[in-house]
Structures are given as structure tokens and as C-alpha cells.
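Asker: Supplied in C-alpha cells, the structure appears directly below.
The values are calculated or read from the model by the stated rules, or taken from the named source; none is laboratory data. Here the structure is a predicted model, which is why all the values come from computation and not from measurement. Here Cβ is always computed from backbone atoms with ideal geometry, including for glycine, and neighbour counts include all displayed protein chains. Remember, those area values only see protein heavy atoms, side chains included, never the ligands or the DNA or RNA. Shrake-Rupley method; radii C 1.70, N 1.55, O 1.52, S 1.80 Å.
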Amino acid sequence: HYNDYVINNGCTGKGGTLLLGHSHIDRLWWSEWEAQTGLTNYVNGYNVGIGGTSTMDWLYAYDKLVAPFNADRFVISLGENDINVWGADGAEVVERLAELFNKIHTDFPEAEIYYIYSLPAQTKYVNGKWLNSKYAALVKGEKDLVESLEYVEGISMFDLLVDADSQNVKTELYRTNDIHLNAAGYKVW
């Protein structure tokens, strides 16, 4: 249905912010995205996030779900499903993120690109430690990649989602599935 946005709503005009990625940014999970960002769908913001997607999916669908929006600003939340669903290692995910960032920057060299680092979740981060070595490598690799690219800015939610004293995830900000943010979590987001 996202092709309908492009065809029926004139999304090929320059401008706006494109939110893309997996379930954390998907408007089905983040139902208050317009109110909380100040963006308005079809006017200055487009949310094409799709739950369950991986970096491979976004590279594959780039020409249909990213490029046609001709955005000035890209906000990306992506990478965790590569490990959680497909079993990729952190280095593979970072390589694909680099490819996606490069495609966007090549096609839209003046655009701002923001990448939201992978979120700590109760199933992944306990007592100050990542429980999965692939996930730990992804988190480190994301930061190293973004720091190496002058055209991407990283956004960390870590300090807002983890209690400084216990070094555990703030459970009150997550849904009962221990992965996705709840309404209070999205206000922090």
C-alpha cells in the first residue's frame, strides 16, 4: 500500500521527513507518531516503517519505498531483525546499513540522515550486559559506522531506556512482549 502513497499523494515532490525501518518506527506500533514528532503524513512527513523488516528488505525495496519520497530528511530504525529473525551477525548487518546509508546519500546528497541505534530490550540487555554477542557486535558496529560517516547522525535512546543505577531496561517503558515500546516509551522516544 505504500506505492499508493507515492502514486496518489504526490510524494515525488522534494521535501519532508521519511521515517523508515522495522517495527519500532512502524506506525502500527507507534500510533502517535504524527503528534509526537510534529510531522503530518502526506504533508511534511511520511512513515513507511514496516514491522519485521530487515536491512535486506529495505535494500531490496529501496527504489519503491525510499527513493520516490525524495525526502530532505531520513530517520531510520533498522537492523535488529537481521539478527533476531535471520540470524545474521553484527558485522553483516553493519555492512548492509552502510550500503543503505550510502545509497541514500548518493541519491540525496543534501539530505539529513539520522539513524536510531538499536534499542536495549529486556530480552537483550540485563545488568549492564548484552546477552547476545551478535547483538553486542551490532550495537558497537552501528556506533563505529555512524562515527565514520560525516553524513549520518546517530541517535541513542540507551540512557533514556536504561536505569543508571540497576543497569537494566526500564520495564515500564516496554510492552509485555519485552521488545516494543509502550505509549510511555514512545513519549520518551
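Asker: Rounded to the nearest 0.05, what FRET efficiency do residue 126 and residue 147 have when you use their Cβ-Cβ distance and R0 = 25 Å?
Answerer: After rounding, the FRET efficiency stands at 0.45.
Asker: Given just the C-alpha atoms of region 67-189, how large is their convex hull per residue in cubic angstrom?
Answerer: Dividing the Cα hull volume of region 67-189 by its residue count gives 116 Å³.
Asker: Moving to a separate point now. Determine the share of region 63-110's accessible area contributed by carbon and sulfur atoms, expressed in whole percent, with a 1.4 angstrom probe.
Answerer: It is 46 percent, rounded to a whole number.
Asker: Now for a separate question. Using the heavy atoms of the protein chains and a 1.4 angstrom probe, tell me the accessible area per residue for region 54-161 in square angstrom.
Answerer: It amounts to 47 Å² per residue over region 54-161.
Asker: Between rounded, prolate and oblate, where does region 30-123 land on the alpha carbon gyration tensor, with a ≥ b ≥ c its root eigenvalues, rounded for a/c under 1.5, else prolate if a/b exceeds b/c?
Answerer: Verdict is oblate for region 30-123.
Asker: Could you work out how far helix 90-107 tilts from the main Cα principal axis of the chain, as a 0 to 90 degree angle to the nearest 10?
Answerer: Long axis of 90-107 versus the principal axis of the chain: about 20 degrees.
Asker: Oh, and also: Mind checking the alpha-carbon convex hull of region 80-137 and giving the volume per residue in Å³?
Answerer: Once divided by residue count, the hull of region 80-137 is 84 Å³.
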